[in-house]
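Inspection log for the structure reproduced underneath, given as structure tokens.
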Amino acid sequence: EDDEDDVDLDAWERTYTDERSWESLQEDESGMLRPIDNQALYHSQYRRRLRTAARIQKGLIRYLYIVIDLSRAASEMDFRPSRIAVIAKHVETFIREFFYQNPLSQVGIVTIKDGVAHCLTDIGGSPESHINALMKKLECSGDSSLQNALDLVDGYLNQIPSYGHREVLILYSALSTCDPGDIMDTIQKCRKSKIRCSVIGLAAEMFICKHLCQETGGTYSVALDESHFKELILEHAPPPPAIAEFAVANLIKMGFPQRAAEGSISICSCHKEAKVGAGYTCPRCKARACELPTECCVCGLTLVSSPHLARSYHHLFPIAPFDEVTSSLNNPNCKLQRNCFGCQQSLLDPGNKPGPAVVCPKCKRYFCLDCDIYIHESLHNCPGCDSL
Amino acid sequence: MASAPSKLYADDVSLVVVLLDTNPFFWSSSSLSFSQFLSHVLAFLNAILTLNQLNQVVVIATGYNSCDYVFDSSSDLNRSFENGRMPVMCSSLLQKLEEFLITDEQLSKEEPEGKIKPSLFSGSLSMALCYIQRVFRSGALHPHPRILCLQGSLDGPEQYVAIMNAIFSAQRSSVPIDSCYIGSQNSAFLQQASYITGGVHHKPQNLDGLFQYLMTIFATDLHSRSFIHLPKPVGVDFRASCFCHKNTIDMGYICSVCLSIFCKHHKKCSTCGSVFGQAQSEAASASDKKRKTPET
């Protein structure tokens, strides 16, 4: 009789009848609730992510358009306070993270409102200008049109240099699309233009979005809640795998400006007013710029500093994933490496038995699970290999 | 991203992770002897521990064949004073340091004569960052961490990528890297590290007074630094070096696939093998010219 009842229950109700999440709670000796061990769960999720991130070429110079759906579906309040508020907040985080990880790339924002697509900001490299423009225009109304957005983005992305990777990230709240023509033609046009389209849905899975992503080589995911949405959007910040035929390899001329001397006075080319000291001088035309990376306003030379390039080098020289240590192999070695090599935390659990650990396949040093995650997600150096 | 704010600890509690350069190639030719250097440093570490009861000090030795932890003030063994003369801290640090130096030398492989090896700065920096991450994980109550590098050896260019990775990770976690360069020339890596992470870099002019430099510049906790006049970064050079000649250039060409820097126009990228102007036909495999450990 349970099976028949399940048919009438929603998915969220089934988590209570079938999964009984309260049974996994435990009490300690004094009757207080013990925190649920999330560490092992977190680590197994991380390892699943790592297995899929093989050593493949990535597109480092990206031109990304973010398409935000401002139809009336975006004002729904199933995400608190409303879908569009959640989208705006996380797009801001995403833009900052995107420019942090891809300093040489550029972003533009397109909105769909009342069935028409508008370009909100031109493609550019300054995070503040995009975020400020977005926060001012968040009113939702009308229908959503996927075809109009794709046509607009296709027109803009055809003008970018050939060495750049073209990408579109669509944040879609609606469950329908009102198109003036045949959207399949538009999808084929995007495919010919080598644009990689990805969609994050906030409502439910739609066939047309899935088809679009499959045809163009992007990813399609639907957010379950706000934290899941944040996770999904931030997955697009690191460079995606590059399809080799998509971008022509080219030498790009760039300048490495020196910092202007303290106390020097010059007219800044971005603010059009005189400023004292603390700026960068373009090596070609000697105009002053305020911050890097940027394009010189006078001569158009891309200005960067070497740390901006160095920020992407870890994609070119990734470190090997660590192997899990199984307890049978542990016995001969557990006396030798009792502590994590990175942080010196004990690898033995309270009963003095070997706890979970990982080992680097190259230097054979042992690390704890937290160091494993930190090393592979943030540091990108193996302390053991660098100490040899 | 940032550490949890420590609401119950006062603002001026610090954790200082000291990276000590023990490279014999450097110390054999330095005007300051290693034992004099150690006496300055030990007095400085003691002073930090007396500035605040909750301060912590961790010392990692940077050798030329290996790196290892030699002291941790928060471990139980280092609590009490042995007799009135020398605190347990000094004797245990010196003992572990001596053991480390012996082990480090034993790891030497056959090298051609006259080749000066750099110290493994990227290794000890990575270990320091892992330790600091562990401190962040320990809860809301933790001291403000920073890293102090006492380096004299020359920069090893093969460590460039690893050091930059560590610097960016420290920047993300808001961990300043202070550096005191005690060698004779200049270290671009240390200057960049301190500049990017918001730490202090200084090269003392008179090494006999090293203790004074350490106390006045590097002993200040992070909160008080806004009230104190510390040496400002003077002209950190962020220009890049071209991969072909290693010259510093202010205008160059970047390969759009692997971001290698060249000073002249080439037909083919020497790092990733991409031919310029044509669509690439297969995925390139990056060579390991810049990485210290070769990829297998």
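The values are calculated or read from the model by the stated rules, or taken from the named source; none is laboratory data. Note that the structure is predicted; figures quoted are calculated from it, not measured. In this analysis, Cβ positions are derived from the backbone assuming ideal geometry, glycine residues included, and neighbour counts consider all displayed protein chains.
Per-structure values
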{"read-out": "Filter pass, A:Ala74 being in contact (Cβ under 8 Å) with a residue 24 or more places away in the chain and either assigned to a loop (DSSP other than H, G, I, E, B) or surrounded by fewer than 21 Cβ atoms within 10 Å (Cβ to Cβ) (or both)", "value": "no"}
{"read-out": "Residue check for A:Pro321: under 23 Å from the mean Cα position of the chain (by Cα) and part of a loop (DSSP other than H, G, I, E, B)", "value": "yes"}
{"read-out": "In the range B:226-247, the residues that are more than 7 Å from chain A (Cβ to nearest Cβ), without any contact (Cβ under 8 Å) to a residue 24 or more places away in the chain and surrounded by 14 or more Cβ atoms within 10 Å (Cβ to Cβ)", "value": "B:Ser241, B:Cys242"}
{"read-out": "Close pairs from the range A:366-381: first without any contact (Cβ under 8 Å) to a residue 40 or more places away in the chain, partner surrounded by 24 or more Cβ atoms within 10 Å (Cβ to Cβ) and hydroxyl-bearing (Ser, Thr, Tyr), Cβ under 9 Å, at least 6 apart", "value": "A:Tyr374/B:Ser169; A:Ser378/B:Ser169; A:Leu379/B:Ser126; A:Leu379/B:Ser169"}
{"read-out": "Hits in the range A:200-219 - residues which are more than 16 Å from A:Ala174 (Cβ to Cβ), among the β-branched types (Val, Ile, Thr) and assigned to a helix (DSSP H, G or I)", "value": "A:Thr216"}
{"read-out": "Qualifying residue in the range A:304-313 (condition: within 9 Å of chain B (Cβ to nearest Cβ), of a type in the set (Ser, Thr, Tyr) and surrounded by fewer than 21 Cβ atoms within 10 Å (Cβ to Cβ))", "value": "yes"}
{"read-out": "Helices (runs of 4 or more DSSP H) (entirely within the range B:117-208) containing at least 3 residues that are within 11 Å of another protein chain (Cβ to nearest Cβ) and out of contact with any helix residue (DSSP H, G or I) (no Cβ under 9 Å at 6 or more places or on another chain)", "value": "B:121-137"}
{"read-out": "From A:Ser176, A:Ser227, residue being hydroxyl-bearing (Ser, Thr, Tyr), within 15 Å of the chain's Cα centre (by Cα) and over 23 Å from A:Val107 (Cβ atoms)", "value": "A:Ser227"}
{"read-out": "Among residues of the range A:232-259, those that are in a loop (DSSP other than H, G, I, E, B), facing chain B (nearest Cβ under 9 Å) and within 23 Å of the chain's Cα centre (by Cα), counted", "value": "2"}
{"read-out": "Qualifying residue in the range A:126-136 (condition: within 16 Å of A:Leu169 (Cα to Cα), crowded, with 21+ Cβ neighbours inside 10 Å and modelled with pLDDT under 90)", "value": "no"}
{"read-out": "Pairs where the first residue, in the range B:268-287, is at the interface with another protein chain (Cβ under 7 Å from one of its Cβ atoms) and the second is modelled with pLDDT under 60 and part of a loop (DSSP other than H, G, I, E, B), C-beta under 8 Å, 6+ apart", "value": "B:Ser274/B:Gln280; B:Ser274/B:Ala284"}
{"read-out": "Residues located in the range B:243-263, provided they are in a loop (DSSP other than H, G, I, E, B) and either in contact with a His (Cβ under 7 Å, 6 or more places away or on another chain) or under 18 Å from B:Gly273 (Cβ atoms) (or both)", "value": "B:Phe243, B:Cys244, B:Ser256, B:Val257, B:Cys258, B:Leu259, B:Ser260, B:Cys263"}
{"read-out": "Matching residues in the range B:275-289 - criterion: being in a loop (DSSP other than H, G, I, E, B) and either modelled with pLDDT of 80 or more or assigned by TED's automatic domain parsing to the domain that holds B:Gly199 (or both)", "value": "B:Phe276"}
{"read-out": "Qualifying position, being part of a helix (DSSP H, G or I), among the hydroxyl-bearing types (Ser, Thr, Tyr) and either out of contact with any Pro (no Cβ under 7 Å at 6 or more places or on another chain) or crowded, with 22+ Cβ neighbours inside 10 Å (or both), among A:Tyr100, A:Tyr63", "value": "A:Tyr100"}
{"read-out": "Test: residue in the range B:202-209 that is surrounded by fewer than 22 Cβ atoms within 10 Å (Cβ to Cβ) and touching a Leu at 6+ places or on another chain (Cβ under 7 Å)", "value": "yes"}
{"read-out": "Among residues of the range A:260-298, those that are within 8 Å of chain B (Cβ to nearest Cβ) and surrounded by 18 or more Cβ atoms within 10 Å (Cβ to Cβ), counted", "value": "1"}
{"read-out": "Members of the range A:158-192 that are assigned to a loop (DSSP other than H, G, I, E, B) and within 14 Å of another protein chain (Cβ to nearest Cβ)", "value": "A:Ile160, A:Pro161, A:Ser162, A:Tyr163, A:Gly164"}
{"read-out": "Which listed residue is assigned by the TED database to the domain that holds A:Asp143, within 29 Å of A:Ser378 (Cβ to Cβ) and either touching an Asp or Glu at 6+ places or on another chain (Cβ under 8 Å) or at pLDDT below 80 (or both), from A:Phe94, A:Phe79, A:Phe99", "value": "A:Phe79"}
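Okay, residues lined up against (1) more than 8 Å from chain B (Cβ to nearest Cβ); (2) within 30 Å of B:Ser274 (Cβ to Cβ); (3) modelled with pLDDT under 85:
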| position | (1), (2), (3) |
| --- | --- |
| A:Leu329 | yes, no, yes |
| A:Pro356 | yes, no, yes |
| A:Arg365 | yes, no, no |
| A:Ile373 | yes, no, no |
| A:Cys385 | no, yes, no |
